[in-house]
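Participant: I have a structure I would like to understand better, so I am pasting it below and will then ask my questions one at a time.
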Amino acid sequence: MTEAAAEPVSAHPVRYRDRVRQTGTAVRPTGCAALAPVRAARPGRAVRRRGLRLPPLVWDSLLPALLLLHITTMRAPRELPVLVALTAALALPLVWRRRAPLTVFGAVAAAASVQWLMDVQLPADIALLVALHTVAANSGRRGTLVAAAVVEAGALLAALRWAADGAFLTLFVALTAMVVAAAVLGVNARTTRAYLAAVEERAARLEQHQDQQARLAVAEERTRIAREMHDIVTHNLSVMVALTDAAVYAQHRSPDRATTAMLQISETGRQALTDMRRSLGILRADEPDVERHPMPGIAQLETLADQMCAAGLPTRLEVRGGHAHVPATAQLTVYRLVQEALTNTLKHTPTGTHAEVRVLCSAETVEVDVTDNGPFSPPPGATPSGHGIPGMRERSAAYGGKLRAGPLPGGGWGVHTRLILGGSGTAAT
């Protein structure tokens, strides 16, 4: 999810086409010495770029210009008016062949028909093949077949009129081969263009999908960090507030108890800092607390219960079944669920409330029950819009569990869920 192990997650993921390609480790010249060959090569590259970027209209005008130049220099002056007119009628429409392939082909075919009726042979007949190629490259199958049939009919008529004695078959086969080649090359150009367009569209969709996945991953990671920070800060601050109140109350009557409470406040603060570094240290490979202090799990529930007892909430813990097979992430989920439930009890119940935590581990599930015997009494004006219970539901849902939190029939408050270790599913509650 992160671009590099030693860098934090970025909200703007780097796209594949923007990544810098490594070019090796060779030392390159710097300063003016490095820029000199680049500057020397720029004029040639600029000329080539300008040449390649000529408008299509200019390229399409070259063939008519060459054909007109050829006919004016190779024929007798007395023949030029008719020959130039026929050549212009055959070649000039090619200038607009990309804009209107079928219209240009019809114009060229009509000019070729007039040429055949006048019994004049011209090099400009190649315009028919160019027009056919353009139709095949830009029109559908039906248009290509009709244009090829028209040119093939013209080839037959040309062979019948202008073939030498005994050379009809040879000329007709040669003209047919040129017609087929022009049509096939045009169809191939159209197919290649369509394939490249499909590849580009697919690449664009894939890039968009990757960007969306990266954004979703970033959003999910932010949600996870926010949930961890909420659990850590809320729990430890609640414990520290309770211990501070106890220390203030006992500072005159029992200085020793006040000193113990202050030491516990200090220890709780250090533990909170460690937990925060540990949670945020996942984003940094050079954070030592990630290795020195692994994420809390079921084994740390006893320490959590002792901490709650010291804060004024007597807590009884019962863990059944071995938890060595439970994944670390699932154990962290159990720990955070119990921590949030006990924190809510500490914040919203009066003094004298007792809490019970029961964790039942089996081969496929981990069942968690946290109950207390105190009435739930939120502060005046408080609204149930916090992140505690929604965060617990999200944690439980990640393992197919459905969390149930609410008042118990006999009084008190209870939180129950069952995590599915074997995969996603619907947990029984």
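Participant: If you check A194, A198, A226, which single one turns out to be exposed (fewer than 13 other Cβ atoms within 10 Å of the Cβ) and at pLDDT below 85? If you could, list the steps in order and put the result at the bottom.
Facilitator: Numbers: A194 fails: at pLDDT below 85; A198 fails: at pLDDT below 85.
After ruling out the rest, the residue left standing is A226.
Participant: To continue, here is another question. What do you reckon, is P390 out of contact with any helix residue (DSSP H, G or I) (no Cβ under 6 Å at 6 or more places or on another chain) and either part of a loop (DSSP other than H, G, I, E, B) or modelled with pLDDT of 85 or more (or both)? Before the answer, list the steps.
Facilitator: Working: out of contact with any helix residue (DSSP H, G or I) (no Cβ under 6 Å at 6 or more places or on another chain): yes; either part of a loop (DSSP other than H, G, I, E, B) or modelled with pLDDT of 85 or more (or both): no.
So P390 does not fit the description; no.
Participant: Here are D231, D256: which of them is surrounded by 19 or more Cβ atoms within 10 Å (Cβ to Cβ) and farther than 14 Å from D306 by Cα? First the steps, then the outcome.
Facilitator: Working: D256 fails: surrounded by 19 or more Cβ atoms within 10 Å (Cβ to Cβ).
After ruling out the rest, the residue left standing is D231.
Participant: Do the conditions hold for V184, that is, is it modelled with pLDDT of 90 or more, touching a Phe, Trp or Tyr at 6+ places or on another chain (Cβ under 7 Å) and not polar (S, T, N, Q)? Step through it out loud before you land on a result.
Facilitator: Working: modelled with pLDDT of 90 or more: yes; touching a Phe, Trp or Tyr at 6+ places or on another chain (Cβ under 7 Å): no; not polar (S, T, N, Q): yes.
Here the answer is no, as V184 does not meet what is asked.
Participant: Of all residues in segment 221-278, count the ones that are assigned to a helix (DSSP H, G or I), farther than 16 Å from M295 by Cα and of a type in the set (K, R).
Facilitator: Result for segment 221-278: 2.
Participant: Considering only segment 334-341, I want to know if a residue exists there that is free of Cβ contacts under 8 Å to residues at least 40 places away in the same chain, under 30 Å from D245 (Cβ atoms) and among the β-branched types (V, I, T).
Facilitator: Yes.
Participant: Have a look at A355, A305, A311, A341 and point out the one that is within 20 Å of I232 (Cβ to Cβ), crowded, with 18+ Cβ neighbours inside 10 Å and at pLDDT below 85.
Facilitator: Numbers: A355 fails: at pLDDT below 85; A305 fails: at pLDDT below 85; A341 fails: at pLDDT below 85.
Going through A355, A305, A311, A341 in turn, just one is within 20 Å of I232 (Cβ to Cβ), crowded, with 18+ Cβ neighbours inside 10 Å and at pLDDT below 85: A311.
Participant: May I ask you to list pairs of residues, at least six apart or on different chains, whose Cβ atoms are under 8 Å apart, with the first in segment 190-210 being under 17 Å from G140 (Cα atoms) and the second being among the small types (G, A, S) and in a helix (DSSP H, G or I)?
Facilitator: R190/A136; R190/A137; R193/A137
Participant: Among what's in segment 65-81 and is β-branched (V, I, T) and surrounded by 13 or more Cβ atoms within 10 Å (Cβ to Cβ), pick the residue that is farthest from R161 (Cα to Cα). Spell out the reasoning first.
Facilitator: Initial filter on segment 65-81 (β-branched (V, I, T)): 71-73.
From what's left, surrounded by 13 or more Cβ atoms within 10 Å (Cβ to Cβ): 71-72.
Working: I71: 22, T72: 25 Å.
Of everything passing the filter in segment 65-81, T72 is farthest from R161 (Cα to Cα).
The values are calculated or read from the model by the stated rules, or taken from the named source; none is laboratory data. Note that the coordinates shown come from a computational prediction; the quantities given were computed from them, not determined experimentally. Here Cβ is always computed from backbone atoms with ideal geometry, including for glycine, and neighbour counts include all displayed protein chains.
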